[in-house]
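These notes concern the structure reproduced below.
The values are calculated or read from the model by the stated rules, or taken from the named source; none is laboratory data. What you see is a predicted model, and the numbers here were worked out from it, not measured in a lab. Glycine also receives a Cβ, built like all others from the backbone with ideal geometry; neighbour counts cover every protein chain displayed.
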Amino acid sequence: MVTLDELNLRMGSGVSFGILATMPKGSVVSVLSRASNGWYQVIYKSYTGWASGTYLKATTQTLPTQLYTQDELNLRTGSNATFPIVTEMPRGARVDVSARASSGWYKVTYRGRTGWASGSYLKKTPPSTSQGKGPNRGPRVVLTFDDCPRTLAALDSAIGYAASNDMGLVLAPTGDCLSSFRSRYGVDLAARARAKGQWVINHSVTHRDLTTLTCAGAERELLGTGVRTNWGRPPYGALDTAARCAYSSIGMKIWTWTVDTRDWQVQNKAIIISRASAARAGDTVLMHMQWQGFAPDSLRQIKSNLAARGLGVCRAYRGTNEIGAVVTTPRMLPDSLPC
Ligand SMILES: [Zn+2]
């Protein structure tokens, strides 16, 4: 239903109950039940409460304009699972909505193809777990390193060790870092890491907190000299509506982390190694290229500690068939990393 005027959401079905929230005119609520006095129990945003039926009207048009797939989802030619599949949409895909069937299926357009998809797997926000685990869909642990290595030698020893020991690290350098490596060493850091079978994602240009910017401002901060790719890690993991707006409008997916070593805080090799080694299957571990985790000996110990617990780390890229010598990783990451 939709509110016809500004309307209070209350704790019970009458004006004597306390106010939980004031809903602006035109707010859409979903109805849970109706009291005999004509009040409705409704859900509004994160609140569940009661509102007077006098100011509520049934909605025929509450269709969202865009939804996100919460898992891999089939786009079909009709509004139930018996219809043929048009294409498979990845988890976290944004679709444009044009209709809703009584079955709860939505008519949507994904990358220029229109069809029907089950409403059970579509929500207004991208799936949250994909944010922490990114495109790593398997049980291997992904070690990720943000910001900037101290020197070219530090970069080369870490990525060289990773490549020759079958480790596929994820590096998230800032645009400023790329510029600095270019001017100090005449080197394209991203290309150098990719040539060693490592993955490189975006980490903004200047490492500003995106939540302090508008959508357009955050877009500029992500583009510019930043890594051009389809996955990005927001500085500090800071996100709000404007930041999400920037990511989605430039077609970049958000990859945060599931284990934070806080390496910048402890600055202690043994502690960093032990925190990274505590990862569980499928985890994304956050470290930084300027701290002690980004070094051959640390990588060796983390890999060996995880192996002792039956866990593998993401492997260096060997192409889509995953065999043979290490090859250059693509700039755009696949929806599911071949770890
Ligand atoms: Zn950072």
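Suppose we keep only residues that are of a type in the set (Gly, Ala, Ser) and within 10 Å of LEU56 (Cα to Cα) within segment 1-37. Which one would you say is surrounded by the fewest Cβ atoms within 10 Å (Cβ to Cβ)? Here the answer is GLY26.
If you scan segment 68-80, which residues turn out to be modelled with pLDDT of 90 or more and either within 14 Å of SER120 (Cβ to Cβ) or charged (D, E, K, R) (or both)? Answer for segment 68-80, where residues must be modelled with pLDDT of 90 or more and either within 14 Å of SER120 (Cβ to Cβ) or charged (D, E, K, R) (or both): ASN74, ARG76, SER79, ASN80. Only one of the numbered conditions (1) in contact (Cβ under 8 Å) with a residue 12 or more places away in the chain; (2) surrounded by fewer than 21 Cβ atoms within 10 Å (Cβ to Cβ); (3) within 16 Å of the ligand (Cβ to nearest atom) is violated by ILE272, and that is (2). Of all residues in segment 256-269, those satisfying the criterion of being of a type outside the set (Phe, Trp, Tyr), over 19 Å from the mean Cα position of the chain (by Cα) and surrounded by fewer than 24 Cβ atoms within 10 Å (Cβ to Cβ) are ARG262, GLN265, VAL266, GLN267, ASN268, LYS269. Scanning segment 190-227 for residues that are within 15 Å of the ligand (Cβ to nearest atom), among the hydrophobic types (A, V, I, L, M, F, W, C) and either within 30 Å of GLY319 (Cβ to Cβ) or not assigned by TED's automatic domain parsing to the domain that holds LEU286 (or both) yields VAL200, ILE201, LEU222, VAL227. For segment 275-284, taking the residues that are crowded, with 16+ Cβ neighbours inside 10 Å and out of contact with any helix residue (DSSP H, G or I) (no Cβ under 7 Å at 6 or more places or on another chain), the one that is nearest to LYS196 (Cα to Cα) is identified as ASP283. Scanning segment 285-339 for residues that are within 24 Å of the chain's Cα centre (by Cα), at pLDDT 95 or above and surrounded by fewer than 14 Cβ atoms within 10 Å (Cβ to Cβ) gives a single hit, MET332. Cβ-Cβ contacts under 8 Å between residues 6 or more apart (or on different chains), taken from a first residue in segment 133-155 that is not assigned by TED's automatic domain parsing to the domain that holds ALA172 to a second residue that is surrounded by fewer than 17 Cβ atoms within 10 Å (Cβ to Cβ), are absent.
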